[in-house]
Amino acid sequence: MRMNGRSLPASMLLSIRDRRMQKANAAAHKTTGTTGTLVASYNVHKCIGVDRKFDPERTSRVIREIDPDVIALQEADNRFGDRDGLLDLPRLERETGLVPVPISATGKSHGWHGNVLLFKKGVVRDVHQIKLPGLEPRGAVVAEIEMDGSQTLRVIAAHLGLLRHSRSQQARVVLDLMNSPDEKPTLLLGDLNEWRLGNRSALNTLHATFGPQPPAVPTFPSNLPLLALDRIMTNRHGLIAAVEAHDTPLSRVASDHLPLTALVRLDRMADPDNAMMSPASQSV
């Protein structure tokens, strides 16, 4: 098995090296004065940690650690049966101010196919649930949130499939949600389940709209991140910064994925010159 022209073991060694570099630079990220709206994506693995314990309270503590303004959760519901939601969302709202984006979920489910989108400030203007193609039950939540009283940010929270062919189909559905590269500012965040980089990536079709992105950050497995399965992407140049894994003793055990975070520069949203207008020249 090869990855982007390298063997998988070689790519893993590079991931380990990159992780060490990211840790070495973490303090610099926090002291450069970069400000913005904190967004995050977190596959909570049905609140089952790497110690195989089901502990929704521990998952909530990780979310409180992150203290995001917007967060997309994946696998926050039981997969089978009534698809009951697993987190105490009213308590989470009281403790963090995070409010679930309202959707027409069935039963006691938190979200659409386990996808939950929560936000702290703003007004939700529009919400859509998108069923994604493929053999597995996968979906996306699309919400337009008025963030600061004037600028609207569209957020696509998705969980793509394990099969490469399905991911390719699902990426095309995401593109169908985008009318043109220079339309409203959009974030795509979630567990995109793609560890390949370069030409073999099932996400290559996203290049034209989402353009050059910050380097992919390994988030899986949480106790030794090697694969960049979780992503935060945008169709505006310079809209996101400081993309990094939320790597703490608690997050390393609470799920098999580390949360991924990024800062959104709301002041960049209104400038049409920041829109991605051409295919990307680097890997997603």
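The values are calculated or read from the model by the stated rules, or taken from the named source; none is laboratory data. The model shown is predicted, which means the values in this text are computed figures rather than measured ones. Methodologically, a virtual Cβ is constructed for each residue, glycine included, from the backbone with ideal geometry; neighbour enumeration extends over all protein chains shown. For accessibility, only protein heavy atoms count, side chains too; no ligands or nucleic acids. Shrake-Rupley method; radii C 1.70, N 1.55, O 1.52, S 1.80 Å.
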How much accessible surface area, in Å² rounded to 10, belongs to the heavy atoms of ARG200 with a 1.4 Å probe? 100
Heads up, region 172-255 by the C-alpha gyration tensor (a ≥ b ≥ c square roots of eigenvalues; a/c under 1.5 rounded, else a/b over b/c prolate, else oblate) looks prolate
The pairs in LYS53/LYS121; LYS46/LYS120; LYS53/LYS131 lying past 28 Å Cα-Cα in this model are LYS53/LYS121; LYS53/LYS131
Residues of region 50-76 with the amide nitrogen closer than 16 Å to a label point 7 Å from the Cα of LEU250, along Cα-to-Cβ, please. 50, 55-69
Largest-first ordering by accessible area, 1.4 Å probe, given options PHE210, PHE220, PHE54: PHE54, PHE220, PHE210
Contour excess over end-to-end distance, with Cα ends at ASP67 and GLU136 and 0.36 nm allotted per residue: 21.7 nm
Go through SER60, SER150 and list them by solvent-accessible area, largest first, probe radius 1.4 Å. SER150, SER60
Considering amide H positions built from the backbone, and no H for Pro or chain starts, which residues 5 or more places from HIS246, or on another chain, come under 5 Å of its amide H? LEU260, THR261
